[in-house]
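Written below as structure tokens is the structure these notes are about.
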Amino acid sequence: MENTNSENVLNFYNSISKQYSESVKRCVPFYEEMLESIFLFLPESFIPKNILELGSGTGNLTKLIIKNFPSANITAVDISQECIEECKSLISFPVNYIKADFKEINFPENSFDLIVSSISIHHINDKEKQILLSKLFNCQTINGIFSFCDQFSAETKEIYLKYISEWKKYALSQGSSDEEWNMWMQHQNNHDYHSTLENHNNWLKETGYKNVDCTKRHLLWTTIFAQKL
């Protein structure tokens with residue numbers, strides 16, 4: 001049974017599924033570059049056959065997966081049926097969509113060569129993150145890669161508040177209204193759990209991942225690469 005936070009996240013994304021892509025491009029600094037950074041450090045020889053996407057939303061990252069790996073089998077998990085339907089309307093590629101809270105998923109061992117995600121994992125708390133990472137490690141193939149971008153906290157409150165301040169300046173400069181900004185801040189206060197880069201790196205290493213590295217960062221938005229060897 002989904003907990004209260006999961007239900008709130010579901011209701012939020014159901015309500016903005018039609019407007020999500022345009023809103024996030026206004027409000028997330030260098031959004032498209034951030035998505036592309038997920039693939040930037042994958043080895044040239046790495047050709048995944050089976051790919052899992054967590055929190056697929058309206059398909060912005062899904063499109064890039066298809067572009068980079070058109071022969072792969074893609075499984076996309078999202079909590080919102082409204083977002084899945086929006087994704088289906090925009091993408092003709094045969095994606096295996098699963099409506100689920102990704103923290104509840106359990107896949108067999110050796111299911112996926114590549115696991116990706118974009119600004120989704122911060123919707124679960126630190127304990128749930130650690131449990132999720134263990135599940136992902138178990139369902140990855142040997143030499144499999146987990147590459148994801150998300151909103152991270154800072155090591156100090158002062159730096160974190162500066163992140164938020166600079167983020168707001170960017171969003172308003174890109175045409176976001178005060179109402180839209182306040183909507184995202186309310187969403188953040190209600191649904192988000194920002195953890196530090198150091199914590200994420202430690203959790204990944206404790207789970208068993210190797211070659212853990214931060215491959216891009218701007219304010220809160222951070223990309224991490226990790227490999228199962």
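Just a few scattered comments:
- Gyration tensor (alpha-carbon) shape descriptor, the stretch 111-229, a/c threshold 1.5: prolate
- Packing, taken as the mean count of other beta carbons within 10 Å per residue, orders the peptides 85-92, 130-137 from highest to lowest as 130-137, 85-92.
- Among the listed pairs K127/K157; K157/K205; K25/K169; K25/K49, those with a Cα-Cα distance over 19 Å are K127/K157; K157/K205; K25/K49.
- Amide H within-cut-off set for G144, under 5 Å, with H built and near neighbours excluded: K228
- Restricting the stretch 151-198 to GluC sites (Glu not before Pro) in coil, as DSSP defines it, with at most 15 other Cβ within 10 Å: E155
- For S56, the residues 5 or more places off, or on other chains, whose built amide H falls under 5 Å of its own are V77, D78.
- Each of M34, M183 was scored by other Cβ atoms within 10 Å of its Cβ. Listed from fewest to most, they are M183, M34.
- Paramagnetic reach from T215 in the stretch 121-157 [backbone N under 14 Å; point 7 Å along Cα→Cβ]: 144-150
- Sum of -39500 (n - 2.57) over DSSP H runs of 4+, divided by residues of the chain (222 nm, nearest 500): -14500 deg cm²/dmol
- The value of relative contact order for the stretch 4-227, using C-alpha pairs under 8 Å at least six residues apart, is 23 percent.
- Put in line by how crowded their Cβ is, counting other Cβ atoms within 10 Å and starting with the fewest, V116, V95 read V95, V116.
Read-outs: derived from the displayed coordinates by stated rules, not from any lab. Computed from a predicted model, the values in this text were never measured in an experiment. Counting neighbours? That spans all protein chains shown, and the Cβs are built from the backbone with ideal geometry, glycine included.
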